[in-house]
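Engineer: What follows is a single structure, and I will ask about it in a moment.
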Amino acid sequence: MKTTNSMLLLQPLQIGTMTLQNRFVLPAMVTRLSGEDGYINKDIMDRYLRYAKGESGLIVVEAMAVHSAKSGPLLRLSNDSFVAGHRELASRVHDASPSKIVPQIIHFLKVARSGWRQLVSDLSLDDVKSIVHDYGAAAARAREAGYDGVELHMAHAYTLSSFLSTYNMRHDDYGGSLENRLRLPCEVLAEVRRQVGKNFPVGIRFLGEECIKDGFTVVDSKKIALRFAKMGADYISLSAGGKFEDAVKKVNAPLYPYTGYSGERCMPGRNYPDLCNLYMPAEIKRYLVMHGLHTPIVAAGKISTTAQAEEILESQSADLVGLARPLLIDPDLPKKIKEGKDETVIRCSYVNICKNLDENFKTVRCFYWPKGMIQAPESDDETPPQWNASGAQLSVEYKHGKVSLTWNAAEDNEGIYIYDIYRSIEGQPFERHHASKSNHFYDTEVVGGDALAYYVVARDFAGNCSEKSEEAAIKIPEFEYSF
Ligand SMILES: Cc1cc2nc3c(=O)[nH]c(=O)nc-3n(C[C@H](O)[C@H](O)[C@H](O)COP(=O)(O)O)c2cc1C
(Lines give C-alpha, C1' and ligand atoms only; values in the text may rest on other atoms or scores of the structure.)
Protein backbone atom coordinates (compact mmCIF):
# COMPACT_ATOMS: atom_id res chain seq x y z
CA MET A 1 0.00 0.00 0.00
CA LYS A 2 1.26 3.49 -0.90
CA THR A 3 1.84 6.23 1.64
CA THR A 4 -1.16 8.50 1.99
CA ASN A 5 0.67 11.41 0.31
CA SER A 6 1.12 9.50 -2.91
CA MET A 7 -2.36 8.01 -3.09
CA LEU A 8 -4.30 9.03 -6.18
CA LEU A 9 -7.49 8.67 -4.11
CA LEU A 10 -6.42 11.67 -2.07
CA GLN A 11 -5.59 13.93 -5.00
CA PRO A 12 -8.00 16.82 -5.58
CA LEU A 13 -9.97 17.07 -8.81
CA GLN A 14 -11.37 20.16 -10.46
CA ILE A 15 -14.82 19.69 -11.97
CA GLY A 16 -15.83 22.98 -13.57
CA THR A 17 -16.13 25.45 -10.72
CA MET A 18 -15.90 22.87 -7.92
CA THR A 19 -12.71 21.45 -6.50
CA LEU A 20 -13.14 18.02 -4.97
CA GLN A 21 -10.78 17.43 -2.07
CA ASN A 22 -10.36 13.75 -2.99
CA ARG A 23 -11.67 11.11 -5.39
CA PHE A 24 -14.33 9.62 -3.14
CA VAL A 25 -17.91 10.07 -4.29
CA LEU A 26 -21.02 9.16 -2.38
CA PRO A 27 -23.33 8.21 -5.25
CA ALA A 28 -27.01 8.99 -4.73
CA MET A 29 -28.66 6.63 -2.28
CA VAL A 30 -32.34 6.99 -1.41
CA THR A 31 -32.71 7.10 2.39
CA ARG A 32 -36.53 6.98 2.77
CA LEU A 33 -35.95 9.43 5.62
CA SER A 34 -38.11 12.09 4.02
CA GLY A 35 -41.87 12.12 4.31
CA GLU A 36 -44.16 11.94 1.28
CA ASP A 37 -44.24 15.75 1.42
CA GLY A 38 -40.70 15.72 -0.02
CA TYR A 39 -39.21 18.37 2.28
CA ILE A 40 -35.75 18.17 3.83
CA ASN A 41 -36.11 17.22 7.50
CA LYS A 42 -33.70 16.80 10.41
CA ASP A 43 -32.99 13.11 9.73
CA ILE A 44 -32.06 13.84 6.13
CA MET A 45 -29.87 16.70 7.28
CA ASP A 46 -28.13 14.45 9.83
CA ARG A 47 -27.53 11.74 7.23
CA TYR A 48 -25.72 14.08 4.83
CA LEU A 49 -23.86 15.93 7.57
CA ARG A 50 -22.52 12.57 8.66
CA TYR A 51 -21.12 11.97 5.16
CA ALA A 52 -19.67 15.49 5.12
CA LYS A 53 -17.84 14.90 8.39
CA GLY A 54 -16.33 11.80 6.83
CA GLU A 55 -14.89 14.03 4.06
CA SER A 56 -16.16 12.47 0.85
CA GLY A 57 -14.99 14.65 -2.04
CA LEU A 58 -18.45 14.72 -3.59
CA ILE A 59 -21.76 13.97 -1.92
CA VAL A 60 -24.65 13.33 -4.27
CA VAL A 61 -27.93 13.81 -2.43
CA GLU A 62 -30.45 11.07 -3.15
CA ALA A 63 -32.80 11.23 -6.13
CA MET A 64 -35.36 14.04 -5.80
CA ALA A 65 -38.32 14.70 -8.05
CA VAL A 66 -38.39 17.53 -10.58
CA HIS A 67 -42.17 17.16 -10.88
CA SER A 68 -45.07 16.77 -8.49
CA ALA A 69 -46.22 13.23 -9.42
CA LYS A 70 -47.29 11.07 -6.49
CA SER A 71 -44.72 8.70 -4.97
CA GLY A 72 -43.69 7.10 -1.69
CA PRO A 73 -41.26 9.01 0.58
CA LEU A 74 -39.04 10.98 -1.79
CA LEU A 75 -37.33 14.36 -1.71
CA ARG A 76 -38.46 17.02 -4.15
CA LEU A 77 -37.21 20.14 -5.91
CA SER A 78 -40.40 20.49 -7.89
CA ASN A 79 -41.39 23.98 -6.75
CA ASP A 80 -39.84 26.97 -5.01
CA SER A 81 -41.18 26.00 -1.58
CA PHE A 82 -38.57 23.24 -1.43
CA VAL A 83 -35.59 25.56 -1.91
CA ALA A 84 -35.24 26.76 1.69
CA GLY A 85 -34.67 23.25 3.09
CA HIS A 86 -32.08 22.47 0.43
CA ARG A 87 -30.38 25.80 1.10
CA GLU A 88 -30.00 24.87 4.75
CA LEU A 89 -28.69 21.40 3.88
CA ALA A 90 -26.09 22.73 1.41
CA SER A 91 -24.97 25.44 3.79
CA ARG A 92 -24.64 23.11 6.77
CA VAL A 93 -22.62 20.63 4.72
CA HIS A 94 -20.34 23.44 3.55
CA ASP A 95 -19.89 24.59 7.14
CA ALA A 96 -19.08 21.07 8.31
CA SER A 97 -16.38 20.13 5.77
CA PRO A 98 -14.83 20.86 2.38
CA SER A 99 -17.11 18.22 0.77
CA LYS A 100 -18.99 19.40 -2.30
CA ILE A 101 -22.66 18.56 -2.51
CA VAL A 102 -24.98 18.19 -5.51
CA PRO A 103 -28.55 16.92 -5.69
CA GLN A 104 -29.57 14.17 -8.08
CA ILE A 105 -32.72 15.25 -9.90
CA ILE A 106 -35.14 12.71 -11.29
CA HIS A 107 -38.28 12.40 -13.39
CA PHE A 108 -40.23 9.15 -13.18
CA LEU A 109 -43.33 7.81 -14.89
CA LYS A 110 -46.45 6.47 -13.20
CA VAL A 111 -46.68 2.98 -11.74
CA ALA A 112 -49.73 1.24 -10.24
CA ARG A 113 -50.21 -1.56 -7.75
CA SER A 114 -51.84 -3.61 -10.51
CA GLY A 115 -48.44 -3.82 -12.22
CA TRP A 116 -49.40 -1.30 -14.92
CA ARG A 117 -46.76 1.27 -15.66
CA GLN A 118 -46.66 4.22 -17.96
CA LEU A 119 -44.26 3.82 -20.89
CA VAL A 120 -42.30 6.48 -22.71
CA SER A 121 -44.44 5.68 -25.73
CA ASP A 122 -47.52 6.84 -23.77
CA LEU A 123 -46.20 10.41 -23.48
CA SER A 124 -47.52 13.18 -25.73
CA LEU A 125 -45.15 15.75 -27.20
CA ASP A 126 -46.47 18.23 -24.62
CA ASP A 127 -45.54 15.76 -21.85
CA VAL A 128 -42.06 15.50 -23.33
CA LYS A 129 -41.73 19.28 -23.41
CA SER A 130 -42.75 19.57 -19.77
CA ILE A 131 -40.04 17.06 -18.75
CA VAL A 132 -37.46 19.38 -20.35
CA HIS A 133 -38.98 22.36 -18.58
CA ASP A 134 -39.19 20.60 -15.17
CA TYR A 135 -35.53 19.51 -15.26
CA GLY A 136 -34.44 23.04 -16.16
CA ALA A 137 -36.51 24.60 -13.38
CA ALA A 138 -35.32 22.08 -10.75
CA ALA A 139 -31.68 22.62 -11.77
CA ALA A 140 -32.16 26.38 -11.42
CA ARG A 141 -33.55 25.76 -7.91
CA ALA A 142 -30.52 23.60 -7.09
CA ARG A 143 -28.31 26.53 -8.00
CA GLU A 144 -30.44 28.96 -6.02
CA ALA A 145 -30.22 26.62 -3.00
CA GLY A 146 -26.43 26.93 -2.94
CA TYR A 147 -25.55 23.44 -4.13
CA ASP A 148 -22.19 23.08 -5.89
CA GLY A 149 -23.75 21.58 -8.99
CA VAL A 150 -26.51 19.25 -10.07
CA GLU A 151 -26.66 15.63 -11.25
CA LEU A 152 -29.23 14.57 -13.84
CA HIS A 153 -30.61 11.09 -13.15
CA MET A 154 -30.69 9.25 -16.47
CA ALA A 155 -30.10 5.80 -14.99
CA HIS A 156 -32.14 2.76 -13.93
CA ALA A 157 -35.89 2.65 -14.54
CA TYR A 158 -36.61 6.34 -14.68
CA THR A 159 -37.88 8.49 -17.52
CA LEU A 160 -34.68 9.65 -19.20
CA SER A 161 -33.13 6.21 -18.87
CA SER A 162 -36.24 4.73 -20.46
CA PHE A 163 -35.80 7.12 -23.39
CA LEU A 164 -32.17 6.00 -23.81
CA SER A 165 -33.23 2.35 -23.58
CA THR A 166 -33.50 -0.07 -26.48
CA TYR A 167 -36.99 -0.72 -25.02
CA ASN A 168 -38.05 2.82 -26.03
CA MET A 169 -40.87 1.99 -28.47
CA ARG A 170 -41.72 5.49 -29.64
CA HIS A 171 -42.19 5.87 -33.37
CA ASP A 172 -41.42 9.59 -33.57
CA ASP A 173 -38.19 11.58 -33.30
CA TYR A 174 -37.78 10.45 -29.67
CA GLY A 175 -37.51 6.72 -30.25
CA GLY A 176 -36.08 4.04 -32.52
CA SER A 177 -32.51 4.92 -33.48
CA LEU A 178 -29.84 5.73 -30.91
CA GLU A 179 -29.83 9.33 -32.13
CA ASN A 180 -33.58 9.54 -31.46
CA ARG A 181 -33.29 7.81 -28.09
CA LEU A 182 -30.69 10.42 -27.14
CA ARG A 183 -32.90 13.34 -28.20
CA LEU A 184 -34.81 14.00 -24.97
CA PRO A 185 -31.79 13.49 -22.63
CA CYS A 186 -29.83 15.93 -24.82
CA GLU A 187 -32.69 18.45 -24.83
CA VAL A 188 -32.79 18.18 -21.04
CA LEU A 189 -29.03 18.71 -20.73
CA ALA A 190 -29.20 21.74 -23.05
CA GLU A 191 -32.11 23.27 -21.10
CA VAL A 192 -30.42 22.63 -17.75
CA ARG A 193 -27.29 24.34 -19.03
CA ARG A 194 -29.37 27.25 -20.31
CA GLN A 195 -30.93 27.61 -16.86
CA VAL A 196 -27.81 27.25 -14.69
CA GLY A 197 -25.18 28.80 -16.98
CA LYS A 198 -21.63 27.67 -17.70
CA ASN A 199 -20.28 28.08 -14.18
CA PHE A 200 -22.40 25.48 -12.49
CA PRO A 201 -21.28 21.85 -12.79
CA VAL A 202 -23.81 19.53 -14.37
CA GLY A 203 -23.16 15.81 -14.01
CA ILE A 204 -25.08 12.98 -15.60
CA ARG A 205 -25.70 9.52 -14.18
CA PHE A 206 -26.67 6.88 -16.68
CA LEU A 207 -26.17 3.19 -17.34
CA GLY A 208 -23.00 1.62 -18.65
CA GLU A 209 -25.22 -1.37 -19.40
CA GLU A 210 -28.94 -2.07 -18.94
CA CYS A 211 -28.22 -5.68 -17.91
CA ILE A 212 -31.47 -6.95 -19.44
CA LYS A 213 -32.09 -9.16 -22.44
CA ASP A 214 -31.68 -7.08 -25.61
CA GLY A 215 -30.91 -3.99 -23.53
CA PHE A 216 -28.07 -1.67 -24.44
CA THR A 217 -24.49 -2.39 -23.43
CA VAL A 218 -21.23 -0.44 -23.61
CA VAL A 219 -21.56 -0.64 -27.40
CA ASP A 220 -24.20 2.10 -27.07
CA SER A 221 -23.28 3.62 -23.73
CA LYS A 222 -19.85 4.74 -24.90
CA LYS A 223 -21.55 6.68 -27.72
CA ILE A 224 -24.07 8.10 -25.25
CA ALA A 225 -21.19 9.20 -22.99
CA LEU A 226 -19.39 10.77 -25.93
CA ARG A 227 -22.47 12.83 -26.79
CA PHE A 228 -22.88 14.07 -23.21
CA ALA A 229 -19.18 14.84 -22.95
CA LYS A 230 -19.25 16.77 -26.24
CA MET A 231 -22.25 18.73 -24.96
CA GLY A 232 -20.23 19.80 -21.93
CA ALA A 233 -21.45 17.51 -19.14
CA ASP A 234 -19.03 18.20 -16.29
CA TYR A 235 -18.87 14.60 -15.12
CA ILE A 236 -20.36 11.25 -16.01
CA SER A 237 -21.32 8.79 -13.31
CA LEU A 238 -21.99 5.22 -14.40
CA SER A 239 -24.39 2.78 -12.89
CA ALA A 240 -25.76 -0.54 -14.19
CA GLY A 241 -29.17 -2.22 -14.51
CA GLY A 242 -32.07 -1.43 -12.17
CA LYS A 243 -34.79 -1.84 -14.81
CA PHE A 244 -38.53 -2.49 -14.81
CA GLU A 245 -38.29 -4.91 -17.73
CA ASP A 246 -37.05 -7.81 -15.56
CA ALA A 247 -38.54 -6.69 -12.22
CA VAL A 248 -40.43 -9.30 -10.22
CA LYS A 249 -44.11 -8.49 -9.69
CA LYS A 250 -45.34 -8.76 -6.10
CA VAL A 251 -49.03 -8.98 -5.21
CA ASN A 252 -50.66 -5.58 -4.68
CA ALA A 253 -47.37 -3.68 -4.98
CA PRO A 254 -46.10 -1.54 -7.83
CA LEU A 255 -43.12 -2.93 -9.73
CA TYR A 256 -39.83 -2.18 -8.02
CA PRO A 257 -37.01 -2.00 -10.55
CA TYR A 258 -34.32 -3.65 -8.43
CA THR A 259 -35.99 -7.03 -7.89
CA GLY A 260 -34.75 -8.77 -11.04
CA TYR A 261 -31.32 -9.66 -12.37
CA SER A 262 -30.72 -6.07 -13.50
CA GLY A 263 -31.45 -4.93 -9.94
CA GLU A 264 -28.76 -7.27 -8.66
CA ARG A 265 -26.29 -5.85 -11.15
CA CYS A 266 -27.12 -2.35 -9.90
CA MET A 267 -26.38 -3.18 -6.25
CA PRO A 268 -24.32 -6.36 -6.55
CA GLY A 269 -24.61 -8.55 -3.48
CA ARG A 270 -22.25 -11.10 -1.94
CA ASN A 271 -22.73 -13.49 -4.85
CA TYR A 272 -21.05 -11.10 -7.31
CA PRO A 273 -17.32 -10.59 -7.60
CA ASP A 274 -15.82 -7.29 -6.51
CA LEU A 275 -15.62 -4.69 -9.29
CA CYS A 276 -18.12 -6.62 -11.40
CA ASN A 277 -19.25 -3.48 -13.26
CA LEU A 278 -15.85 -1.88 -13.72
CA TYR A 279 -15.51 -2.89 -17.37
CA MET A 280 -18.18 -0.30 -18.17
CA PRO A 281 -16.43 2.88 -16.95
CA ALA A 282 -13.10 1.48 -18.15
CA GLU A 283 -14.37 1.08 -21.72
CA ILE A 284 -16.19 4.42 -21.69
CA LYS A 285 -13.16 6.25 -20.31
CA ARG A 286 -10.96 4.71 -22.99
CA TYR A 287 -13.44 5.74 -25.70
CA LEU A 288 -13.69 9.34 -24.49
CA VAL A 289 -9.92 9.71 -24.23
CA MET A 290 -9.61 8.29 -27.74
CA HIS A 291 -11.85 11.19 -28.81
CA GLY A 292 -9.73 13.71 -26.91
CA LEU A 293 -12.27 14.17 -24.10
CA HIS A 294 -11.30 14.03 -20.44
CA THR A 295 -14.69 14.35 -18.77
CA PRO A 296 -14.30 12.85 -15.29
CA ILE A 297 -15.90 9.42 -14.94
CA VAL A 298 -17.30 7.98 -11.70
CA ALA A 299 -17.16 4.18 -11.34
CA ALA A 300 -19.37 2.33 -8.83
CA GLY A 301 -20.35 -1.21 -7.94
CA LYS A 302 -18.80 -3.29 -5.21
CA ILE A 303 -15.53 -1.42 -4.92
CA SER A 304 -14.63 -3.19 -1.69
CA THR A 305 -11.11 -2.28 -0.66
CA THR A 306 -8.85 0.76 -0.67
CA ALA A 307 -6.39 -1.11 -2.87
CA GLN A 308 -9.12 -1.76 -5.46
CA ALA A 309 -10.20 1.89 -5.39
CA GLU A 310 -6.62 3.10 -5.87
CA GLU A 311 -6.05 0.62 -8.71
CA ILE A 312 -9.14 1.96 -10.54
CA LEU A 313 -7.52 5.38 -10.65
CA GLU A 314 -4.07 4.04 -11.40
CA SER A 315 -5.31 2.00 -14.36
CA GLN A 316 -7.31 5.05 -15.55
CA SER A 317 -10.50 3.01 -15.56
CA ALA A 318 -12.21 6.02 -13.95
CA ASP A 319 -11.37 9.35 -12.31
CA LEU A 320 -13.55 9.02 -9.23
CA VAL A 321 -14.70 6.09 -7.12
CA GLY A 322 -18.34 5.86 -6.13
CA LEU A 323 -18.92 4.08 -2.84
CA ALA A 324 -22.58 3.85 -1.85
CA ARG A 325 -22.97 0.95 0.59
CA PRO A 326 -19.34 1.22 1.83
CA LEU A 327 -20.00 4.83 2.89
CA LEU A 328 -23.33 3.89 4.43
CA ILE A 329 -21.63 1.53 6.86
CA ASP A 330 -18.65 3.82 7.39
CA PRO A 331 -19.09 7.46 6.31
CA ASP A 332 -15.64 8.20 7.78
CA LEU A 333 -13.88 6.03 5.20
CA PRO A 334 -12.27 8.93 3.23
CA LYS A 335 -11.10 10.68 6.40
CA LYS A 336 -9.67 7.47 7.83
CA ILE A 337 -7.74 6.83 4.63
CA LYS A 338 -6.45 10.40 4.61
CA GLU A 339 -5.25 9.93 8.18
CA GLY A 340 -3.49 6.68 7.25
CA LYS A 341 -5.96 4.60 9.29
CA ASP A 342 -7.16 2.25 6.58
CA GLU A 343 -7.19 -0.60 9.10
CA THR A 344 -9.98 1.15 11.05
CA VAL A 345 -12.37 1.30 8.09
CA ILE A 346 -15.54 -0.69 8.73
CA ARG A 347 -16.18 -2.62 5.55
CA CYS A 348 -19.45 -3.43 3.81
CA SER A 349 -20.39 -7.12 3.58
CA TYR A 350 -22.91 -6.55 0.76
CA VAL A 351 -25.76 -8.40 2.46
CA ASN A 352 -28.09 -5.82 0.85
CA ILE A 353 -30.47 -5.26 3.75
CA CYS A 354 -30.28 -1.55 2.79
CA LYS A 355 -31.54 -2.45 -0.70
CA ASN A 356 -34.36 -4.41 0.86
CA LEU A 357 -35.37 -1.54 3.13
CA ASP A 358 -35.46 0.81 0.16
CA GLU A 359 -37.65 -1.66 -1.72
CA ASN A 360 -40.11 -1.73 1.16
CA PHE A 361 -40.15 2.07 1.62
CA LYS A 362 -38.56 1.69 5.04
CA THR A 363 -35.81 3.91 6.44
CA VAL A 364 -32.58 2.91 4.70
CA ARG A 365 -29.99 2.04 7.33
CA CYS A 366 -27.12 -0.37 7.53
CA PHE A 367 -27.92 -3.77 9.02
CA TYR A 368 -24.70 -3.62 11.06
CA TRP A 369 -25.47 -0.30 12.77
CA PRO A 370 -26.41 -0.77 16.42
CA LYS A 371 -30.07 -1.60 16.92
CA GLY A 372 -32.48 1.33 16.52
CA MET A 373 -29.91 3.78 15.10
CA ILE A 374 -30.88 5.59 11.93
CA GLN A 375 -27.46 7.16 11.39
CA ALA A 376 -24.00 5.61 11.36
CA PRO A 377 -22.36 5.52 14.79
CA GLU A 378 -19.84 8.26 15.39
CA SER A 379 -16.82 8.08 17.66
CA ASP A 380 -13.31 9.43 17.98
CA ASP A 381 -12.35 6.97 20.70
CA GLU A 382 -8.88 5.48 20.31
CA THR A 383 -9.03 2.59 22.77
CA PRO A 384 -9.37 -0.70 20.92
CA PRO A 385 -11.55 -3.59 22.13
CA GLN A 386 -9.84 -6.33 24.16
CA TRP A 387 -10.39 -10.03 24.45
CA ASN A 388 -10.99 -11.07 28.05
CA ALA A 389 -8.36 -12.92 30.09
CA SER A 390 -9.14 -16.27 28.49
CA GLY A 391 -8.76 -14.85 24.97
CA ALA A 392 -11.17 -15.20 22.05
CA GLN A 393 -11.12 -19.02 22.09
CA LEU A 394 -12.26 -19.21 18.49
CA SER A 395 -13.67 -22.62 17.67
CA VAL A 396 -14.81 -23.90 14.30
CA GLU A 397 -16.99 -26.87 13.51
CA TYR A 398 -18.35 -28.23 10.23
CA LYS A 399 -22.02 -29.18 10.47
CA HIS A 400 -24.86 -29.44 7.95
CA GLY A 401 -22.77 -28.11 5.08
CA LYS A 402 -21.56 -24.97 6.83
CA VAL A 403 -18.78 -23.93 9.18
CA SER A 404 -19.99 -22.75 12.56
CA LEU A 405 -17.64 -20.26 14.24
CA THR A 406 -17.95 -19.32 17.91
CA TRP A 407 -15.73 -17.10 20.05
CA ASN A 408 -15.81 -15.21 23.32
CA ALA A 409 -17.34 -11.74 23.25
CA ALA A 410 -14.75 -8.93 23.36
CA GLU A 411 -14.90 -5.96 25.72
CA ASP A 412 -14.64 -2.27 24.96
CA ASN A 413 -15.01 1.02 26.80
CA GLU A 414 -17.72 2.13 24.29
CA GLY A 415 -19.20 -1.10 23.03
CA ILE A 416 -18.45 -3.64 20.33
CA TYR A 417 -19.73 -2.68 16.87
CA ILE A 418 -18.93 -5.72 14.78
CA TYR A 419 -16.62 -8.69 14.48
CA ASP A 420 -14.75 -9.02 11.20
CA ILE A 421 -14.14 -12.57 10.07
CA TYR A 422 -10.94 -13.24 8.17
CA ARG A 423 -10.53 -16.42 6.18
CA SER A 424 -7.72 -18.19 4.34
CA ILE A 425 -8.33 -20.91 1.78
CA GLU A 426 -5.70 -23.55 0.97
CA GLY A 427 -2.97 -21.65 2.82
CA GLN A 428 -3.47 -18.45 0.80
CA PRO A 429 -3.18 -15.11 2.64
CA PHE A 430 -6.08 -14.28 4.96
CA GLU A 431 -8.71 -11.92 3.53
CA ARG A 432 -11.61 -10.22 5.24
CA HIS A 433 -14.46 -12.57 4.49
CA HIS A 434 -17.56 -11.34 6.31
CA ALA A 435 -18.78 -9.64 9.48
CA SER A 436 -21.02 -10.58 12.36
CA LYS A 437 -22.91 -8.52 14.91
CA SER A 438 -22.57 -11.27 17.52
CA ASN A 439 -19.86 -13.70 18.61
CA HIS A 440 -21.18 -16.41 16.37
CA PHE A 441 -21.19 -16.88 12.62
CA TYR A 442 -22.10 -19.52 10.05
CA ASP A 443 -19.91 -19.62 6.97
CA THR A 444 -22.13 -21.03 4.25
CA GLU A 445 -19.70 -20.17 1.46
CA VAL A 446 -17.71 -23.42 1.69
CA VAL A 447 -17.43 -26.66 -0.30
CA GLY A 448 -16.08 -30.13 0.33
CA GLY A 449 -12.30 -30.29 0.08
CA ASP A 450 -11.72 -26.69 1.27
CA ALA A 451 -8.86 -26.31 3.73
CA LEU A 452 -9.91 -23.26 5.70
CA ALA A 453 -8.43 -21.18 8.47
CA TYR A 454 -10.13 -18.31 10.27
CA TYR A 455 -9.46 -15.57 12.76
CA VAL A 456 -11.73 -12.82 14.02
CA VAL A 457 -11.19 -9.27 15.25
CA ALA A 458 -13.57 -7.09 17.25
CA ARG A 459 -14.20 -3.47 16.27
CA ASP A 460 -15.61 -0.61 18.27
CA PHE A 461 -17.67 2.30 16.90
CA ALA A 462 -14.57 4.15 15.70
CA GLY A 463 -13.39 1.01 13.89
CA ASN A 464 -10.53 0.40 16.36
CA CYS A 465 -9.56 -3.19 16.10
CA SER A 466 -8.76 -5.73 18.80
CA GLU A 467 -5.79 -8.07 18.53
CA LYS A 468 -6.42 -10.96 16.16
CA SER A 469 -7.97 -13.97 17.80
CA GLU A 470 -6.00 -17.17 17.52
CA GLU A 471 -6.38 -18.94 14.19
CA ALA A 472 -8.64 -21.96 13.88
CA ALA A 473 -8.35 -24.35 10.94
CA ILE A 474 -10.71 -26.89 9.47
CA LYS A 475 -10.70 -29.24 6.50
CA ILE A 476 -14.11 -29.72 4.91
CA PRO A 477 -14.60 -33.44 4.09
CA GLU A 478 -14.48 -34.23 0.38
CA PHE A 479 -17.81 -34.96 -1.27
CA GLU A 480 -18.13 -38.76 -1.58
CA TYR A 481 -19.32 -40.08 -4.94
CA SER A 482 -19.09 -43.12 -7.08
CA PHE A 483 -19.92 -43.90 -10.72
C1 LIG B 1 -30.51 1.80 -0.70
C2 LIG B 1 -29.98 2.28 -2.02
C3 LIG B 1 -30.56 3.38 -2.64
C4 LIG B 1 -30.06 3.84 -3.87
N5 LIG B 1 -30.60 4.98 -4.42
C6 LIG B 1 -30.07 5.48 -5.58
C7 LIG B 1 -30.50 6.72 -6.11
O8 LIG B 1 -31.32 7.45 -5.54
N9 LIG B 1 -29.97 7.12 -7.28
C10 LIG B 1 -29.01 6.40 -7.94
O11 LIG B 1 -28.55 6.81 -9.00
N12 LIG B 1 -28.54 5.24 -7.43
C13 LIG B 1 -29.04 4.76 -6.26
N14 LIG B 1 -28.51 3.62 -5.72
C15 LIG B 1 -27.37 2.92 -6.38
C16 LIG B 1 -26.03 3.38 -5.78
O17 LIG B 1 -25.80 4.74 -6.04
C18 LIG B 1 -24.83 2.55 -6.32
O19 LIG B 1 -24.72 2.76 -7.70
C20 LIG B 1 -24.94 1.07 -6.04
O21 LIG B 1 -25.32 0.83 -4.71
C22 LIG B 1 -23.61 0.34 -6.30
O23 LIG B 1 -22.57 0.92 -5.56
P24 LIG B 1 -21.97 0.25 -4.20
O25 LIG B 1 -21.53 -1.14 -4.56
O26 LIG B 1 -20.85 1.15 -3.82
O27 LIG B 1 -23.08 0.22 -3.20
C28 LIG B 1 -28.98 3.16 -4.49
C29 LIG B 1 -28.40 2.06 -3.84
C30 LIG B 1 -28.87 1.62 -2.62
C31 LIG B 1 -28.20 0.45 -1.94
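Engineer: Identify, please: which residue in region 37-46 is within 16 Å of the ligand (Cβ to nearest atom) and part of a loop (DSSP other than H, G, I, E, B) and is, among those, most open to solvent (accessible area, probe 1.4 Å)?
Structural biologist: Ile40
Engineer: Only one of (1) over 26 Å from Ser56 (Cα atoms); (2) surrounded by fewer than 21 Cβ atoms within 10 Å (Cβ to Cβ) is not met by Ala410, so which one is it?
Structural biologist: (2)
Engineer: May I pose another question? What's the number of the condition Pro201 fails, among (1) open to solvent by 10 Å² or more (accessible area, probe 1.4 Å); (2) more than 22 Å from Pro268 (Cβ to Cβ); (3) in contact with an Asp or Glu (Cβ under 9 Å, 6 or more places away or on another chain)?
Structural biologist: Here Pro201 meets the rest and fails (1).
Engineer: A further question follows. Where the second residue is open to solvent by 60 Å² or more (accessible area, probe 1.4 Å) and the first is under 21 Å from Thr305 (Cβ atoms) and lies in region 2-15, which pairs have Cβ atoms under 7 Å and are six or more apart or on separate chains?
Structural biologist: Pairs found: Thr4/Lys338; Leu8/Glu314; Leu10/Lys338.
Engineer: So, one more: Which ranges mark the strands (runs of 3 or more DSSP E) fully within region 222-325 that have 3 or more residues being open to solvent by less than 30 Å² (accessible area, probe 1.4 Å) and among the hydrophobic types (A, V, I, L, M, F, W, C)?
Structural biologist: 235-240, 297-300
Engineer: Take the residues in region 75-90 that are hydrophobic (A, V, I, L, M, F, W, C) and open to solvent by less than 20 Å² (accessible area, probe 1.4 Å), then tell me which one is farthest from Leu20 (Cα to Cα).
Structural biologist: Phe82
Engineer: Restricting region 413-454 to residues that are of a type in the set (Asp, Glu) and more than 16 Å from Lys468 (Cα to Cα), which is least open to solvent (accessible area, probe 1.4 Å)?
Structural biologist: Asp443
Engineer: Next up: Among the residues of region 411-437, write down those that are in a loop (DSSP other than H, G, I, E, B) and either within 18 Å of Arg347 (Cβ to Cβ) or polar (S, T, N, Q) (or both).
Structural biologist: Asn413, Gln428, Pro429, Phe430, Lys437
Engineer: May I pose another question? Under 6 Å by Cβ, and 6 or more places apart or on different chains, what pairs join a residue from region 284-300 that is touching a residue at least 40 places away in the same chain (Cβ under 8 Å) with one that is of a type in the set (D, E, K, R)?
Structural biologist: Ile284/Lys222; Tyr287/Lys222; Pro296/Asp319; Ile297/Lys285; Ile297/Asp319
Engineer: Here's another thing I want to ask about it. Among the candidates Val93, Val102, Val132, Val60, single out the residue that is assigned to a helix (DSSP H, G or I), in the same structural domain as Pro331 (by TED's automatic domain parsing) and open to solvent by less than 10 Å² (accessible area, probe 1.4 Å).
Structural biologist: Selected residue: Val93, the only one of Val93, Val102, Val132, Val60 that is assigned to a helix (DSSP H, G or I), in the same structural domain as Pro331 (by TED's automatic domain parsing) and open to solvent by less than 10 Å² (accessible area, probe 1.4 Å).
Engineer: Still on this structure: Within region 209-217, can one find any residue that is over 27 Å from Val111 (Cα atoms), more than 16 Å from the ligand (Cβ to nearest atom), among the aromatic types (Phe, Trp, Tyr) and open to solvent by less than 30 Å² (accessible area, probe 1.4 Å)?
Structural biologist: no
Engineer: Residues that are in the same structural domain as Leu10 (by TED's automatic domain parsing) and touching a Pro at 6+ places or on another chain (Cβ under 7 Å): does region 279-294 have at least one?
Structural biologist: no
Engineer: Could you say whether any residue in region 49-67 is among the polar types (S, T, N, Q) and more than 17 Å from the chain's Cα centre (by Cα)?
Structural biologist: Scanning region 49-67, I find no residue that is among the polar types (S, T, N, Q) and more than 17 Å from the chain's Cα centre (by Cα), so the answer is no.
Engineer: Of all residues in region 130-189 being among the polar types (S, T, N, Q) and away from the ligand (no atom under 16 Å from the Cβ), which is nearest to Lys213 (Cα to Cα)?
Structural biologist: Among those that are among the polar types (S, T, N, Q) and away from the ligand (no atom under 16 Å from the Cβ), it is Thr166.
Engineer: Let me ask you something else. Test Val351 against the criterion of being touching a residue at least 24 places away in the same chain (Cβ under 8 Å), crowded, with 16+ Cβ neighbours inside 10 Å and closer than 17 Å to Ala473 by Cα, and give yes or no.
Structural biologist: No, not satisfied.
Engineer: Have a look at Glu88, Glu36 and point out the one that is among the acidic types (Asp, Glu), assigned by TED's automatic domain parsing to the domain that holds Leu320 and more than 16 Å from Phe361 (Cβ to Cβ).
Structural biologist: Glu88
Engineer: Find all pairs meeting these conditions: Cβ atoms under 9 angstrom apart; at least six residues apart or on different chains; first residue within region 315-332 and at pLDDT 95 or above and more than 9 Å from the ligand (Cβ to nearest atom); second residue of a type in the set (Phe, Trp, Tyr) and in a loop (DSSP other than H, G, I, E, B).
Structural biologist: Short answer, once both residue conditions are applied: Ile329/Phe367; Ile329/Tyr368; Ile329/Trp369.
Engineer: Report yes if some residue within region 114-126 is under 30 Å from Leu13 (Cβ atoms) and either surrounded by 18 or more Cβ atoms within 10 Å (Cβ to Cβ) or within 16 Å of the ligand (Cβ to nearest atom) (or both); otherwise report no.
Structural biologist: No, the conditions are met nowhere in region 114-126.
Engineer: Looking at this structure, is Cys354 within 14 Å of the chain's Cα centre (by Cα), assigned to a loop (DSSP other than H, G, I, E, B) and within 14 Å of the ligand (Cβ to nearest atom)?
Structural biologist: no
The values are calculated or read from the model by the stated rules, or taken from the named source; none is laboratory data. For clarity, every value in this text was computed on a predicted model and none was experimentally measured. Using ideal geometry, Cβ is built from the backbone for each residue, glycine included, and neighbour counts are taken over all protein chains shown. Surface areas here come from the heavy atoms of the whole protein model, side chains and all, with no ligands, DNA or RNA. Shrake-Rupley method; radii C 1.70, N 1.55, O 1.52, S 1.80 Å.
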